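I have placed the structure first, in the form of structure tokens, so that the comments after it can refer back to it.
Bear in mind that the values in this text are calculations on the coordinates, not laboratory data. Predicted model, so just to flag it, every value in this text is computed and none were measured. Here Cβ is always computed from backbone atoms with ideal geometry, including for glycine, and neighbour counts include all displayed protein chains.
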Amino acid sequence: MNPKYHLEQAYKEGTISRREFLQRSALIGATVAVPGAMMAGAAKAEMKRGGVLRLGMGGGSTTDTIDPGTHTDSVGITIERSMRSYLTEVSPSGELIGEVAASWESKPGATDWTFELRNDIEFHDGQKLTANDVIYSINHHIREGSTSAVAGQMGKISEMKADGDHVLHITLSEGNADFPWLISDYHVSIFPENGGWETGVGSGPFSLVNYEPGVRAELKRNDNYFKEGRPYFDGLEVTVIADAAARDNALKTGQVDATNRVSQRTALLLDKAPGVSVHKVVGTKHYTVPMLTNIPPFDNVKVRQALRLAVDREALLKTVLGGHGEIGNDLPIGRRQEFYNTELPQREYDPDQAAFLLKEAGMSGLSVELSAADTAFDGAIDAAVLYAEHAKAAGINVNVIRESNDGYWSNVWQQKPWVMCYWSGRPTQDWMWTIAYEVGGAWNDNNWNNESFQSLLKQARVEVDPAKRKDMYWEMQRLHWEEGGTVVPLFAADLMGVSNKIQLPEVIGSDWELDGQRCSERWSFA
Amino acid sequence: MGLTRLIVNRFLFGLITLLAITLLISLALEALPGDFAEQRLGQSATPETIAAIREQLGLNKPVLVRYAEWLGNFLQGDMGISLSNSRPVAELLATRLGNTLFLAVASAIVAVPLALFLGIVAALYRESLLDKMISTITLAAISLPEFFIGYMLVALLAVNWQLFPAISSISDSMSLGEKIYASLLPIATLTFVIVAHMMRMTRAAIINLLQSPFIEMATLKGLKRSRIIVRHALPNALSPIINVIVLNLAYLVVGVVVVEVVFIYPGLGLLMIDSVTSRDLPIVQACILIFGATYITLNMLADILAIICNPRMRHPR
Amino acid sequence: MRRFWNSFKRAGLPAHIGIVIILIYLIAAVFAPWLAPYGESEVVDPVPWASPSESGTLLGLDQLGRDLYTRVLYGARNTIALALGITCLAFFMGMVAGFFAATVGRWVDHLLSRCVDIIMAFPTLFFALIALSIFGTSIPVMVFVIATLDATRVYRISRALAMDINVMEYVEVARLRGEGLWWIMRREILPNTLTPLLAEFGLRFCFVFLFISSLSFLGIGIQPPAADWGAMVRENGVAITYGIFTPLVPAAAIAVLTIAVNLVVDWFLRKTAGLREEY
């Protein structure tokens, strides 16, 4: 039990006021190590069969498809995770467990992987799932001319070979000890070679009955699902509700049983509504302010350090996130992730030190531009304005440039020297550092080229000994904390609204929303 | 100018206008930052995948070439397929258009008679307390944003008293009764929005006519006021009233996207917003065609009705 | 001036109320920085929608914990200035084009009218949404885009009105006298079409608030942290479903101003109705 939990209980029971709650929770705020699931349901979960789970979700569009390579947002992922299965799965408590794969191993160097598949899995149409289906499915992302969003990430696969129906060999062009994590990505689902992804056939807990992209989806229980007893629901109905207020209303009036993306501003109010509670999960989602470190003045390490000192993270947490999250320590790694460097001190707001560093660098009265749009994250413009206000105290003049929402990711991010950005985060250190911090990576948004950091990243990737990996990752985090070009001021909580009719499991997954987008198979009616 | 010639004329100009707006929307979408491939991939874009998507969907061709191809296909009755999910645009549109028309017709059935009634009553008891109340309330209703009225109705009727559903996610599998029940709140919201405008015009047009000589004559003859208004004034005040009614009908089809967002009503407006955001040009083209055609047709209708109602206008000086 | 004062005295209670309200609004707009207890975007206490008693402020706090009273005052400033700017520009463009089309006639009239038809055939919200996405949502762009949309409506009305005036004998006389186009538009047509156009001005002025608030509902509008009533209604609208009535304040501010403007417009219409036989 932690004090924050007590506070939230007290607030729910009405013994303290909203104002008091917010002030007191700000006091204990991020200094408390909060477990993955904050307000998880009953201590002992007993799952019951039956009923249809109705979700009201933001993050869907009429342009959604069932092509697994195209998903970018919550609705598409939830449907994908409900109708198809994956080789591996991140468990609610954050470990990697097998789903279609029963076990896996690699030779030293982590280039040659062997996966043993379960032999009792059938697709919705009755076909047996074999290693050939897996190869066919992964090929969808890496074949020539692939339009998949993970084409680059999966591109390191150089060869795939089936050995009988249930053994699969995968060879990588570059070793990667975290490869089994990579294929738990929500894009890399498995569909039958005979039929392809177009039919919507998979081996997931539900099968698709009716799908109107951007409006609703209807799925029915897969009675032949390979996980014993699951899913608990008879069916799943997803209604796409873009407007946060409308989601709240649908939940309050009982038209849906659960919603994602509860607005931080209404979270406490919604939680007080009868028959409904709001659950909060802090995972790997973080907001960043990356600088292009090859462009002056950001090529000067003292400038980078000064800018990191010039923001009051607590104030950002309070105003931008309404307190629903944690402050960041300039690392893109969640506090509860494996190999997190716990010895680095939390960087505090210190305008005097920032001013001093700038003076040393001969850059007093520095003036920089910070580009922002709310596409980066909800409240990014507010955050930029606050940043500018805080930096004033250090004698830094931050000009906030309001960019257009459309095309932000193609025309501003990675293009303008200092911008607002968000990352949903990745379950492993290697994955996160590789996509956004490795030199030459497609999504590198800081161009920070520190030789020891880059070589450690490559060494750690192929290292299979956990103790050695820990040392390497700690050193990398120290380097990034001291010299890196990305400010990581905040980790944002995911807030979901759940009807009290729903029985939640003891631990709720923190990768993405709604219990790792797997609520349809992990939850049940109470 | 004869009525037929006018219709033919307007029809031709309507076609030219439609051609122009589809061309303009193509150019506008091209001018927006980010194309379909970039919007689809968002933050996860890489140069290779963007190139692959462009190649696969033929987005590398110049915009005018693509427009010409689209136009050619359209003239043969083929509206193309959606860039995002390869579904035929015609099929995607059919349901949405049906929903939009359902909401428009249902709202018009409530709002138009109500507006006429209130307008006539206000004109009948001109300058009375009743008239002032109607006027003030309708003015206040006009001055509230649609989504605000929507939120208020939801707060009261859906959340507080639990009378109606808060979201109107209607589907084809619902019966007409279920559809109407689910759509009651959006219908009420739209009624609030458009009644004021139509009511004010009805009142003004009738009052305007009450000052003309033939009404004074009728008054002198000792006819009852209500009879004068309904039998003499109203028919002659029809053309401005029809005009404002038709404009509001066009609004019901074309301009209700905000209400669709509030009530999650799966209409054309939401489809168009999503498609503009993702730069799915074939869908945007089809939507803009429907919106443009609705506006042009209804306007033409208003003009023709005005002429029929008022033969003097057929022979201008 | 004295004549105006006299007619004002006889205007009747509604017009007086209207004018008083408008004056109050103008005072609030001009003196906002002196009247407001806090800064425009100052966070008083980061408690969303704290009630007046909870926060010790006059009207409570908004969604970010800023003082609502302060925001409404500053909102008056931004909103009225913006709406006035947009409406004036719209009328300038619409009237000049409309009068021009009506007086010159022939192909100029045709060309302008067709262009206006094309713009009007676009759903207004989408037109604004797309245009603002292309050119960015800075204030000048926003003023110009919304003014263009409004100008099409103004064009229609002013062209129709000018058509009627254009065939009058006194215009013919002026033309024979050799007066220029601009002179005729300014000295003959403008004064004779002013009344109905003024009525339209009042309505259009109010619609601008609504339009801005719809735009901000769809994610494009005045950029935060600047206060604007339309955007404020949008940002706080959610609270209504929780029985918090903070969003009513900016909504009421818009509604009251709309009613006041229309009361004055009604008076204007009645005052000038005697001057001409129709309208």
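Annotations for the structure displayed:
- B:Val276 sits among other residues whose Cβ lies under 15 Å from its own Cβ, and their net charge, with Lys and Arg +1 and Asp and Glu -1, is -4.
- GNM result for chain B, Cα springs below 10 Å: residue of B:Ala52, B:Ala94, B:Ala141 fluctuating most strongly: B:Ala52
- Residues in the range A:332-364 reached by a label modelled at A:Ser452 [backbone nitrogen below 15 Å; 7 Å Cα→Cβ]: none
- Computed over the protein assembly as shown, the per-residue total of -39500 (n - 2.57) for DSSP H runs of n ≥ 4 gives a 222 nm mean residue ellipticity of -16500 deg cm²/dmol, rounded to 500.
- Total formal charge among the other residues, if their Cβ is under 15 angstrom from that of B:Leu139, Lys/Arg +1 and Asp/Glu -1: +2
- Order by protection proxy (mean Cβ within 10 Å, highest first), peptides B:28-41, A:291-304: B:28-41, A:291-304
- Put a plus charge on the Cβ of each Lys and Arg, a minus charge on the Cβ of each Asp and Glu, and nothing anywhere else: the dipole of chain C about its Cα centre is then about 880 debye.
- Converting the Cα gyration tensor eigenvalues of the range B:95-271 into ellipsoid dimensions via √(5λ) gives semi-axes, longest first, of 36, 17, 13 Å.
- Eligible aspartates and glutamates near A:Lys107 by straight Cα distance, threshold 14 Å, same-chain separation 8 or greater: A:Glu174, A:Asp178, A:Glu463, A:Asp465
- Helix B:3-31 and the longest principal axis of the Cα set of chain B meet at an angle near 40°.
- Between B:Leu114 and C:Trp107, the simple spin-label model (points 7 angstrom out along Cα→Cβ) gives 5.1 nm.
- In summary, the range B:228-317 shows an alpha-carbon radius of gyration equal to 1.47 times the 2.2 N^0.38 Å reference for compact globular proteins.
- Counting every pair of alpha carbons in chain A, the share spaced more than 46 Å apart comes to 11 percent.
- Short to long, the 5 Å bins of the Cα pair-distance histogram for the range A:85-199 hold 2, 12, 23, 26, 22, 12, 3, 0 percent of all pairs.
- Each of the peptides A:50-60, B:268-278 was scored by the mean count of other Cβ atoms within 10 Å over its residues; in descending order, highest first, they stand as B:268-278, A:50-60.
- The mean number of Cβ atoms from other chains found within 10 Å of a Cβ in peptide B:270-276 is 6, as a whole number.
- In this simple spin-label model, placing a label point 7 Å from the Cα along the Cα-to-Cβ direction at both A:Gln415 and B:Ala31 gives a separation of 1.7 nm.
- Hydrophobic, long helices, defined as DSSP H runs whose alpha-carbon span along the helix axis is 18 Å or greater and whose mean Kyte-Doolittle value is at least 1.6, occur in chain C at C:13-30.
- In nm, spacing of pseudo-spin labels at C:Glu172 and B:Leu301 (7 Å Cα→C-beta vector): 4.0 nm
- Isotropically averaged projected area of the range A:286-492, using the convex hull of Cα atoms (one quarter of hull area), nm²: 10.5 nm²
- FRET E, pair A:Ser103, C:Ser138, Förster distance 60 Å, beta-carbon r, rounded to 0.05: 0.55
- For the protein assembly as shown, the equivalent ellipsoid derived from the Cα gyration tensor has semi-axes of 56, 33, 29 Å, listed largest first.
- The residues neighbouring C:Gly94, those whose beta-carbon lies less than 12 Å from its own, together hold a net charge of +2 under the Lys/Arg +1, Asp/Glu -1 convention.
- Averaged over peptide B:254-263, the number of partner chain Cβ atoms lying within 10 Å of each residue's Cβ comes to 4.
- Per residue convex hull volume, Cα atoms of chain B, in Å³: 180 Å³
- Protection-proxy order for peptides A:146-152, A:201-207, each taking the mean of Cβ atoms within 10 Å per residue, highest first: A:201-207, A:146-152
- Spatially proximal lysines relative to B:Lys179 (Cα-Cα < 30 Å; intrachain offsets below 8 disregarded): A:Lys220, A:Lys252, A:Lys501
- At R0 = 51 Å, FRET efficiency that the Cβ-Cβ distance of B:Ile7 and C:Trp5 yields, to 0.05: 0.45
- Using a Gaussian network model of chain B in which every pair of alpha carbons under 10 angstrom is joined by a spring, one finds that among B:Val256, B:Val244, B:Val63 the greatest mean-square fluctuation is at B:Val63.
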